[in-house]
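Asker: First the structure, which I've put down as structure tokens, then a few questions once you've had a look.
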Protein chains: 2
Amino acid sequence: MSIFNEFRPLDEKYLIEYIKSTPSLSSLLGDSTNLQIKEVGDGNLNFVYIVVSPSGSLVIKQALPYIRCIGESWPMTKERAYFEAVALKEHGHLCPAHVPEVYHFDRNMSLIGMRYLEPPHIILRKGLIAGVEYPMLAEHMAEYMAHTLFYTSLLYTTTTEHKRQVAEFCGNVELCRLTEQVVFSDPYKVSEFNRWTSPHLDSDAKAVREDNVLKLEVAQLKSMFCERAQALIHGDLHTGSVMVTQDSTQVIDPEFAFYGPMGFDIGAFLGNLILAFFAQDGHANQENDRKAYKKWILRVLADTWNLFHKKFVSLWDENKDGPGEAYLPHIYNNADVLRLVQEKYMQDLFHDSLGFGSAKMIRRIVGVAHVEDFESIIDAAKRAECERKALNFAKTVMKERKKYVSIDEVIWNIQQIDS
Amino acid sequence: MSIFNEFRPLDEKYLIEYIKSTPSLSSLLGDSTNLQIKEVGDGNLNFVYIVVSPSGSLVIKQALPYIRCIGESWPMTKERAYFEAVALKEHGHLCPAHVPEVYHFDRNMSLIGMRYLEPPHIILRKGLIAGVEYPMLAEHMAEYMAHTLFYTSLLYTTTTEHKRQVAEFCGNVELCRLTEQVVFSDPYKVSEFNRWTSPHLDSDAKAVREDNVLKLEVAQLKSMFCERAQALIHGDLHTGSVMVTQDSTQVIDPEFAFYGPMGFDIGAFLGNLILAFFAQDGHANQENDRKAYKKWILRVLADTWNLFHKKFVSLWDENKDGPGEAYLPHIYNNADVLRLVQEKYMQDLFHDSLGFGSAKMIRRIVGVAHVEDFESIIDAAKRAECERKALNFAKTVMKERKKYVSIDEVIWNIQQIDS
């Protein structure tokens, strides 16, 4: 399929040549004499080209063999494009409404051709910073997570298929290792990569590195991340991996996908919503105090979990006689026992999600990669104040996560720390 | 290496031909004109030939493409021999004193050539039925489990190596599925394969099938078995997989090996010791009331766990600056935090072991495959009485396992049920 037999980074000229010689791409664009091409990747991780013709459009994404992070060069396998393509196709099959279509994949070139998410689609994180409400967000994200996680878990798949898939995604180990390092390790030790709003949070960062109970908890989360193949997770489901309009929600960039704990995805999304919440005071001004918007974020938080819970259990009920082998219908054969196991499953998943969510929050404040929600607050003292609240909330949740019974308790706790 | 390019079941004539043409085997036997050959497998699962010459000896084990169980024919991949050979080599490398040496493996023929464990080695289960004490048993089994489990876990290996190994052993899915069915599923539902001492235990078996809380607990254990790649476990570590003399302990038959929860191995061994304990009353007679022997079994139970605990934590301490990536030395950098994480890890492992041990006990009383400890008790009423005590103990432990703090509490509970 490819005109290149081995990897070479794209430039505009080669991109046009590549598209012309690839029918699955050229057929979408029609006449290719009049292509508009725009490179929109940040250039640090992947090339991302938007290609528009009078009769069609698409995105070409190419993985580069490194991640450049805060000026540092960090080698990273371009094979991640393969796992991203497989995950996009699998999740797209399970939830087509919220995953962009893949038109073409070229393993040699680490190149994915996929649907262009045309304006007004923007990255959710940018919308949250701008204070824009998305009325369908909770519903759509709950739908996406319920479908992708349920159908790739042992609640729906056989153990034969599950082990086959687990083995395949073990190949994405380099991306898993990146997560292990930047989420579960670096923030809890002295690392050249860590940074934080300094000097304001110097003692807060030090306290994280010296908190034995926090280290005990993060060890358990890290072990679960490394050992537990529960479902095909996105692996990086923060608010920068979601593109939105008022009525569309599209999940992109699953290059970290592997068979891992479901709570890692749910926690990533909820944790990043909470970061957005605590950043709002830094974006407030005379025209907009962001108070109403903060309430909206908390509603999205509650709705996302509650709708996810409802949809996930509905899928379980609908498929209780299906191919899944975790809960055989001849064993879980009465309403009482089914309710009992579902309640326990969802309670454990809730606690896992809170644990992973708190880990994702902590690493965004004292680890290598920060979030624009906070970074865009120019006043360092104000930014540090927002970050400290988020950090304190996350530390509490990581330590006490198993005591929470409902998302309402989490929200109550957020409000306590915010007040 | 093989004279056969594809699988064919051995017979004595072909076995001799095979050995003669295989230098790694023939060189161990020297003059092959005078071979003594004896088939000792039960013929249901594998061929096992003992081959002795004037100057050497070995065992040839060949996997057959089925398991015949209680007269039923049950197809089963002969590829299990591959995983058995890999596990024997890996565990043998980690604990050479307690794993027989592999001389030769032929994947086409599903054939392993290995050390012959000469008399007086007998299967531990038979020794326990005969009432023989083995003074080194606890020490040796603790050593075997500590070394094989520690060194194949993320406490010692990198996540790169771990994921590579996990992927490889995902291939042993058929044997995992057999365990899923006979340990975690069949005993809790109506199944043509289940059997029990009838009519004595009819209502006990029914109670297992109708116990919602038990079903809730076994679901969590099954999920852990299917999802959690903690270490390279033996996968079938009952007292029939151990050969002993007064000073030797050898673990054989790891054909169920895969990356699973450590507690499955520890629980299998402890659970089968407890089955041996509850069977003793059925073996008591006027010459030997077995009371002293029952105390010895309980001592082995306590010593095995306590010595395992000690050895495992010692290996952790010795290797805390080693290649393992679960607990990085720059994070777990003081005695307090190291003690905290080790205590939590060992407590969780203890609870997992009790859970899996109880599942292994229950399935041996109301599932398809029973143990000779009970089966050799001719008097059905007496057998049922022994089995009922074991079953009731196992049910209690499965439900309450997380409340136990020490093995002494478990033993106290055994004595309560036994009195």
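Each reported figure results from applying straightforward, stated rules to the coordinates on display, with no laboratory input. Just so it is clear, the model here is predicted, and its values are computed rather than measured. Heads up, the Cβs are rebuilt from the backbone with ideal geometry, glycines too, and the neighbour counts pull from every protein chain shown.
Asker: Name the single residue that is farthest from A:Glu133 (Cα to Cα) among those in the stretch A:293-329 being away from every other protein chain (no Cβ under 14 Å) and of a type in the set (Gly, Ala, Ser).
Answerer: Out of the qualifying residues, it is A:Gly322.
Asker: When the stretch B:221-247 is examined, which residues are found to be within 26 Å of B:Pro119 (Cα to Cα) and over 17 Å from the mean Cα position of the chain (by Cα)?
Answerer: Residues satisfying the conditions are B:Thr245, B:Gln246, B:Asp247.
Asker: If you don't mind, another one. Would you please name the residue that is nearest to A:Cys226 (Cα to Cα), looking only at residues in the stretch B:218-238 that are of a type outside the set (S, T, N, Q) and part of a helix (DSSP H, G or I)? Full working, then the answer.
Answerer: To start, the set of residues in the stretch B:218-238 that are of a type outside the set (S, T, N, Q) comprises B:218-219, B:221-222, B:224-229, B:231-238.
When the remaining residues are screened for being part of a helix (DSSP H, G or I), the result is B:218-219, B:221-222, B:224-227.
Values: B:Val218: 23, B:Ala219: 21, B:Leu221: 18, B:Lys222: 19, B:Met224: 14, B:Phe225: 15, B:Cys226: 14, B:Glu227: 11 Å.
Ranking the qualifying residues of the stretch B:218-238, first place goes to B:Glu227.
Asker: Which of the following residues is within 14 Å of chain B (Cβ to nearest Cβ) and among the basic types (Lys, Arg): A:Arg290, A:Arg209?
Answerer: Sole residue among the options that is within 14 Å of chain B (Cβ to nearest Cβ) and among the basic types (Lys, Arg): A:Arg209.
For every residue, the table says whether it meets (1) free of Cβ contacts under 8 Å to residues at least 12 places away in the same chain; (2) within 14 Å of chain B (Cβ to nearest Cβ); (3) under 30 Å from A:Gln416 (Cα atoms).
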{"residue": "A:Val341", "(1), (2), (3)": "no, yes, no"}
{"residue": "A:Leu349", "(1), (2), (3)": "no, yes, yes"}
{"residue": "A:His370", "(1), (2), (3)": "no, no, yes"}
{"residue": "A:Ile377", "(1), (2), (3)": "no, no, yes"}
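Asker: Out of the residues in the stretch A:226-260 that are among the polar types (S, T, N, Q) and away from chain B (no Cβ under 14 Å), which is surrounded by the fewest Cβ atoms within 10 Å (Cβ to Cβ)? Write out each step before concluding.
Answerer: First, pick out the residues of the stretch A:226-260 that are among the polar types (S, T, N, Q): A:230, A:239, A:241, A:245-246, A:248-250.
Within this subset, residues satisfying the condition of being away from chain B (no Cβ under 14 Å) are A:239, A:241, A:245-246, A:248-250.
Working: A:Thr239: 25, A:Ser241: 22, A:Thr245: 17, A:Gln246: 12, A:Ser248: 16, A:Thr249: 21, A:Gln250: 19.
This residue is A:Gln246.
Asker: Go through the stretch B:122-136 and give me each residue that's crowded, with 18+ Cβ neighbours inside 10 Å and not aliphatic (A, V, I, L, M).
Answerer: B:Arg125, B:Gly127, B:Tyr134
Asker: Exactly one condition in (1) aliphatic (A, V, I, L, M); (2) within 21 Å of the chain's Cα centre (by Cα); (3) more than 26 Å from A:Gly131 (Cα to Cα) is false for A:Ile365; which is it?
Answerer: Unmet for A:Ile365, out of (1) aliphatic (A, V, I, L, M); (2) within 21 Å of the chain's Cα centre (by Cα); (3) more than 26 Å from A:Gly131 (Cα to Cα): (3).
Asker: Right, next: In the set B:Ser223, B:Ser198, which member is among the hydroxyl-bearing types (Ser, Thr, Tyr) and away from chain A (no Cβ under 13 Å)?
Answerer: Answer to the selection: B:Ser198.
Asker: Which of the residues belonging to the stretch B:116-168 are among the aliphatic types (A, V, I, L, M) and within 14 Å of chain A (Cβ to nearest Cβ)?
Answerer: Once the filter is applied, which keeps residues that are among the aliphatic types (A, V, I, L, M) and within 14 Å of chain A (Cβ to nearest Cβ), the stretch B:116-168 yields B:Leu149, B:Leu154, B:Leu155, B:Val166, B:Ala167.
Asker: Pairs only if they're at least six apart or on different chains, beta carbon under 8 angstrom, first in the stretch B:393-412 and closer than 18 Å to A:Lys344 by Cα, second surrounded by fewer than 14 Cβ atoms within 10 Å (Cβ to Cβ); list them, first residue then second.
Answerer: Filtered contacts from the stretch B:393-412: B:Lys399/B:Val213.
Asker: While we're on this one: Any residue in the stretch B:99-110 that is in contact (Cβ under 8 Å) with a residue 40 or more places away in the chain and surrounded by fewer than 17 Cβ atoms within 10 Å (Cβ to Cβ) sitting within a Cβ distance under 8 Å of a residue that is in a loop (DSSP other than H, G, I, E, B) and not aliphatic (A, V, I, L, M)? List the pairs, counting only those 6 or more apart or interchain.
Answerer: Here the result reads B:Asn108/B:Ser2; B:Asn108/B:Phe4; B:Asn108/B:Asn5; B:Asn108/B:Glu6; B:Asn108/B:Phe7, each pair linking the stretch B:99-110 to a residue that is in a loop (DSSP other than H, G, I, E, B) and not aliphatic (A, V, I, L, M).
Asker: What tally of residues in the stretch A:169-193 results from selecting those that are assigned to a helix (DSSP H, G or I), over 18 Å from A:Trp74 (Cα atoms) and facing chain B (nearest Cβ under 8 Å)?
Answerer: Looking only at that region, the number is 3.
Asker: Could you tell me how many of the residues in the stretch A:330-339 are facing chain B (nearest Cβ under 7 Å) and either part of a helix (DSSP H, G or I) or among the hydroxyl-bearing types (Ser, Thr, Tyr) (or both)?
Answerer: Of the residues in the stretch A:330-339, 3 are facing chain B (nearest Cβ under 7 Å) and either part of a helix (DSSP H, G or I) or among the hydroxyl-bearing types (Ser, Thr, Tyr) (or both).
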